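Taking it in order: structure first as structure tokens, then the write-up.
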Amino acid sequence: MSRTTLNREQAHLAYGPEFVQFMMKGKSEIELNAAQRVLLEKWKLIKKLKFAPFAYEYVYIVADDTAGQFKIGMTRSPKSRLSALQTGSTNNLRFVGLVIIVGQNGRNLERSIHAEYKRRQAHVKGEWFTGDPIKELPFIRDFATLNYRGSVTSLSDAWDGCEPLVALYSAAHRDTANAVDMAKCRADFMWVLGQAEKGVLTVLS
């Protein structure tokens, strides 16, 4: 992903003294990746307690190996979503892949992929489709990155985009309920990171 370089004066004018203090840490310049730029566009919302770092949208692929089907859905809390799906199914379900979305295109991407699989006549019901989801991951990755290029981020860029903002956010919202929300969003992302490191799921980017 492309990066933008800011010097201290530019950063101060664009994002204010808190950004310079917590993000630049004495540096004369800082490089922002695409995920960071999206989040920093929302810094005014962050300051108004309406947005938290790590508040990504995730388009996920869940496999039901027993039925030979897979589900494509969207969530902001992947760990909780998988737990809820498993509670409602007698078959073993597992995340096999997901797309990390910065911004608010998760639902649009989800619906676009649904439409493509319906066109292929692979639709079973609701958000469920027939086939081997592992074999479908390359197609879903290519479809997402081609059609939603500006919204799809890699795992490493997602981490770089958010983790430095945690201190900034916490400083702005110390001792508020929003700090709890930020911690939950971060925990969801850390769960995704852990699952990816274990090889349990693939982040498609």
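Are any residues in the stretch 147-162 in contact (Cβ under 8 Å) with a residue 12 or more places away in the chain and surrounded by fewer than 16 Cβ atoms within 10 Å (Cβ to Cβ), and if so, which ones?
At the first step, the residues of the stretch 147-162 found to be in contact (Cβ under 8 Å) with a residue 12 or more places away in the chain are 147-148, 150-155, 157-162.
Within the stretch 147-162, Asn147, Gly150 qualify.
Hey, any hits in the stretch 124-143 for a residue that's closer than 26 Å to Gln36 by Cα, polar (S, T, N, Q), touching a residue at least 40 places away in the same chain (Cβ under 8 Å) and surrounded by fewer than 20 Cβ atoms within 10 Å (Cβ to Cβ)? There is no residue in the stretch 124-143 that is closer than 26 Å to Gln36 by Cα, polar (S, T, N, Q), touching a residue at least 40 places away in the same chain (Cβ under 8 Å) and surrounded by fewer than 20 Cβ atoms within 10 Å (Cβ to Cβ). Checking the stretch 179-195 against the condition returns no match, with no residue being more than 20 Å from Ile101 (Cα to Cα), touching a residue at least 60 places away in the same chain (Cβ under 8 Å), surrounded by fewer than 17 Cβ atoms within 10 Å (Cβ to Cβ) and not assigned by TED's automatic domain parsing to the domain that holds Val99. From the residues in the stretch 35-84 that are surrounded by 21 or more Cβ atoms within 10 Å (Cβ to Cβ) and part of a helix (DSSP H, G or I), which one is modelled with the highest pLDDT? Filtering the stretch 35-84 for residues that are surrounded by 21 or more Cβ atoms within 10 Å (Cβ to Cβ) and part of a helix (DSSP H, G or I), the one modelled with the highest pLDDT comes out as Pro78.
Between a first residue in the stretch 1-29 that is in contact (Cβ under 8 Å) with a residue 40 or more places away in the chain and a second residue that is assigned to a loop (DSSP other than H, G, I, E, B) and of a type in the set (A, V, I, L, M), which pairs have beta carbons less than 9 Å apart while being 6 or more apart in sequence or on different chains? Qualifying pairs under 9 Å: none.
Looking at the structure I just gave you, is Ala115 more than 18 Å from Ser205 (Cα to Cα), in a helix (DSSP H, G or I) and outside the structural domain of Asp64 (by TED's automatic domain parsing)? Answer is no for this residue.
For the subset of the stretch 85-105 comprising residues that are in a strand (DSSP E or B) and out of contact with any Pro (no Cβ under 9 Å at 6 or more places or on another chain), which member is surrounded by the most Cβ atoms within 10 Å (Cβ to Cβ)?
Within the stretch 85-105, the first condition is being in a strand (DSSP E or B), and the residues that meet it are 93-101.
Now narrow it down to the ones that are out of contact with any Pro (no Cβ under 9 Å at 6 or more places or on another chain): 93-94, 99-101.
Values: Leu93: 20, Arg94: 16, Val99: 29, Ile100: 26, Ile101: 25.
Among them, the one singled out is Val99.
The values are calculated or read from the model by the stated rules, or taken from the named source; none is laboratory data. All figures in this text were calculated on a predicted structure; none of them were measured in a lab. Virtual Cβ from ideal backbone geometry, glycine too; neighbours counted across all protein chains shown.
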